[in-house]
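Each value in this text was obtained by applying a stated rule to the coordinates, not by laboratory testing. Everything quoted here is computed from the prediction, not taken from an experiment. Note: ideal-geometry Cβ built from the backbone for every residue, glycine included; neighbour counts use all protein chains shown.
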Amino acid sequence: MIKIEKLRINGARLKTTLEVMARIGATPGGGVHRLALSDQDKQARDLFITWLREIELEVTIDEMGNIFGKRSGNNNDLFPVMSGSHIDSQPMGGRFDGILGVMGAIEVFRTIYENKIETQRPMVIVNWTNEEGSRFAPAMVGSGVWTGKLERDWVYSRADIQGRKLGEELERMGYKGKYPARRWPVHAYYEYHIEQGPELERVGSVIGVPQGIVCLHWYDVYVEGTANQVGPTPMEGRNDALCAAAEMILQVNALPSKMGGNMVATVGEIHNSPNSRNIIPSKVHFTVDIRSWDDNLAVRAWEDLRKDFESIVERRGCQIRIEETWRVDHAPFDEKLVKRILDTAVNLGYSSYHMVSGAGHDASYMSQIAPTAMIFVPSIKGRSHVEVENTEWEDCEAGANVLLHCVLQSASEK
Ligand SMILES: [Zn+2]
């Protein structure tokens with residue numbers, strides 16, 4: 001039997017696995033369009049389950065559609081070691097976001113299976129439902145409900161732009177499982193993911209080791225003005241909802257420099273109504289996304305912004321309604337696991353870099369209930385959530401090797 005230190009994943013097999021998955025929902029620009037609970041998501045899930053059964057994992061699906069594949073340990077009374085990520089993608093998104101963490105974990109499980117390695121603890125691979133939150137807001141709802149941080153029926157009731165409800169779509173695609181989406185004790189949770197930013201490339205490191213994830217605050221803003229014929233209506237006295245929104249959007253953009261500290265703020269989605277060139281816009285809905293390592297700074301920033309919004313609508317004679325859609329506190333990772341990833345990278349001969357994750361991940365919710373850490377690999381030119389999202393194959397292999405050895409170490413702990 002091979003010595004554990006010498007064990008490596010099969011990089012070529014990982015590449016093929018990722019390429020096969022990238023065909024499901026492939027876009028002309030080389031990306032992937034695999035929205036949560038779409039037919040493409042179902043197709044990818046079906047294939048994932050086939051692969052789990054091939055390596056004799058015990059597959060279960062819970063009422064949120066989260067998929068788990070379990071491998072027994074020598075002592076199944078011990079809490080399992082868990083790893084995974086998400087299969088769904090952004091609209092016209094990339095081939096690596098999320099899926100690398102699920103396929104990387106499969107490659108780790110395949111390597112352990114074919115080498116007949118026994119572990120002390122059971123091990124579980126997971127695919128979380130709707131991590132992206134772009135078809136159904138908010139994001140990370142599979143892990144959110146499972147960890148007890150989001151309420152199941154509220155999540156079921158969330159609708160997409162066509163008004164289809166998440167719960168109904170889950171049922172339609174046949175992934176509303178019979179097991180309750182309720183957490184069980186986890187010994188360690190590792191999530192392998194692309195960095196989605198430019199830092200690793202900038203410092204020239206292969207393995208990124210985040211100390212945690214920034215907080216995420218999401219708002220939906222609805223502005224209401226008065227529609228009218230654009231020709232005969234004088235400029236003076238108009239209640240133009242889109243102009244009000246435009247001013248607000250620039251305030252969002254200026255917020256981080258105004259507040260100081262480490263923060264980003266973005267408006268990424270906007271709907272204008274009636275959206276006709278000869279009608280003054282009467283209804284605008286847009287989103288606000290604020291992120292920071294400092295939760296209080298993000299809260300203060302929002303309070304500040306809200307006052308600005310109110311004075312803008314007042315000046316323009318519009319109305320405003322604000323919904324706080326989602327709030328996740330910043331998530332510091334488990335120091336012991338973070339150190340393990342750093343040490344493992346060194347032992348395997350990879351350069352590593354200690355950082356912070358600006359992107360949200362299921363690891364954020366997991367860190368609230370179990371020791372959690374993440375492994376990052378570089379995103380070429382720091383691009384993500386776009387079709388050109390890319391990562392070198394050898395970096396994909398490196399990250400999976402780090403995952404393999406971290407998982408094995410955690411699974412050998414008594
Ligand atoms: Zn992701």
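Going by average Cβ neighbours within 10 Å, how do the peptides 165-177, 183-195, 365-377, 34-46 rank, with the highest at the top?
Values: 165-177: 18.2, 183-195: 23.3, 365-377: 24.9, 34-46: 21.2.
So the peptides 165-177, 183-195, 365-377, 34-46, ranked by packing, come out 365-377, 183-195, 34-46, 165-177.
If we sort 348-356, 230-238 on the protection proxy, mean other Cβ atoms within 10 Å, highest first, what's the order?
348-356, 230-238
Per DSSP H run of n ≥ 4, the term is -39500 (n - 2.57); total these for the chain, divide by its residue number, and report the mean residue ellipticity at 222 nm rounded to 500 deg cm²/dmol.
Estimated from H runs of four or more residues: -11000 deg cm²/dmol.
With a ≥ b ≥ c the root eigenvalues of the C-alpha gyration tensor of the stretch 20-158, is it rounded (a/c under 1.5), prolate (a/b larger than b/c) or oblate?
Oblate, since a/c reaches 1.5 and b/c is not below a/b.
Using the basic label-point model (7 angstrom from Cα toward the beta carbon), what is the ASP329 to SER311 distance in nanometres?
3.2 nm
Note the direction-averaged projected area, equal to a quarter of the hull surface, for the Cα convex hull of the stretch 213-289, in nm².
Over every viewing direction, the Cα hull of the stretch 213-289 projects on average to 5.8 nm².
Remind me, what semi-axes does the stretch 46-101 give for its equivalent ellipsoid, largest first in whole Å, using sqrt of 5 times each Cα gyration tensor eigenvalue?
Semi-axis lengths for the stretch 46-101 are 25, 13, 11 Å.
For the stretch 162-265, what is the Kirkwood hydrodynamic radius in Å, using each pair of distinct C-alpha atoms?
After inverting the pairwise mean of 1/r, the radius is 20.4 Å.
Report the Cα-based extents of the stretch 81-222 along its three principal axes, largest first, to the nearest Å.
50, 42, 26
Normalised by the number of residues in the chain, what is the relative contact order in percent for Cα pairs under 8 Å and 6+ residues apart?
Rounded, it is 24 percent for the chain.
In the chain, what % of DSSP beta bridges are antiparallel (nearest 5)?
In the chain, DSSP labels about 70 percent of beta bridges as antiparallel.
Return the equivalent ellipsoid semi-axes of the stretch 71-119 as a descending list in whole Å, where each equals the square root of 5 times an eigenvalue of the C-alpha gyration tensor. Intermediate results must be reported in sequence, preceding the final value.
Numbers: eigenvalues 160, 33, 5 Å².
For the stretch 71-119, the ellipsoid semi-axes come out as 28, 13, 5 Å.
If you look at just the Cα atoms of the stretch 1-91, how large are its Rg and its Dmax in Å?
15.8, 48
Convex hull over the alpha-carbon atoms of the chain: what's its volume per residue in Å³?
Spread over its residues, the Cα hull of the chain gives 139 Å³ apiece.
Let's see if you can work this out: charge +1 on each Lys and Arg Cβ, -1 on each Asp and Glu Cβ, no other charges. What is the dipole magnitude of the stretch 300-375 about its Cα centre, in debye to the nearest 20? Please report the intermediate quantities before stating the final value.
Numbers: 10 positive and 12 negative charges, 19 e Å.
Computed charge dipole of the stretch 300-375: roughly 100 debye.
Out of ALA301, VAL328, VAL288, whose Cα points farthest toward the positive end of the dipole of the stretch 232-333 (charges: +1 Lys, Arg; -1 Asp, Glu; placed on Cβ)?
VAL288
Name the residue from GLY225, ALA188, MET235 whose Cα lies farthest towards the positive end of the charge dipole of the stretch 121-255, charges +1 on Cβ of Lys and Arg and -1 on Cβ of Asp and Glu.
My answer, from the dipole projection, is ALA188.
Work from the charge dipole of the chain (Cβ charges, +1 for Lys and Arg, -1 for Asp and Glu, about the Cα centre) and give the residue of ASN76, LEU37, ILE9 farthest towards its positive end.
Towards the positive end, the residue furthest out is ASN76.
At 27 angstrom or more along the helix axis (alpha-carbon based) and mean Kyte-Doolittle of 0.0 or higher, what helices does the chain contain? Whole DSSP H runs only.
In the chain, the long hydrophobic H runs are 393-412.
Give me the extension gain from ARG277 to ARG23: residue separation times 0.36 nm, minus the current Cα-Cα distance, reported in nm with one decimal.
Answer, rounded to one decimal: 87.5 nm.
Using +1 on the beta carbon of Lys and Arg, -1 on that of Asp and Glu, and nothing else charged, what's the dipole of the stretch 47-171 about the Cα centre, debye to 20?
For this selection, approximately 180 debye.
Per 0.36 nm of contour for each residue apart, how much would the distance between ALA246 and GLN162 grow if the chain were fully extended, relative to their Cα-Cα spacing?
Answer, rounded to one decimal: 27.7 nm.
Once each part is reduced to its C-alpha centroid, what is the distance from the stretch 328-383 to the stretch 83-113 in angstrom?
16 Å
Given 0.36 nm per residue, what is the gain on full extension from VAL203 to ARG321 after removing their alpha carbon distance, in nm? The partial results should precede the final answer.
On the way: separation 118, 0.36 × 118 = 42.48 nm, distance 4.36 nm.
So the chain would gain 38.1 nm between VAL203 and ARG321.
Would you mind computing Rg(Cα) / (2.2 N^0.38 Å) for the stretch 278-395, counting N as its residues?
The reported ratio for this selection is 1.52.
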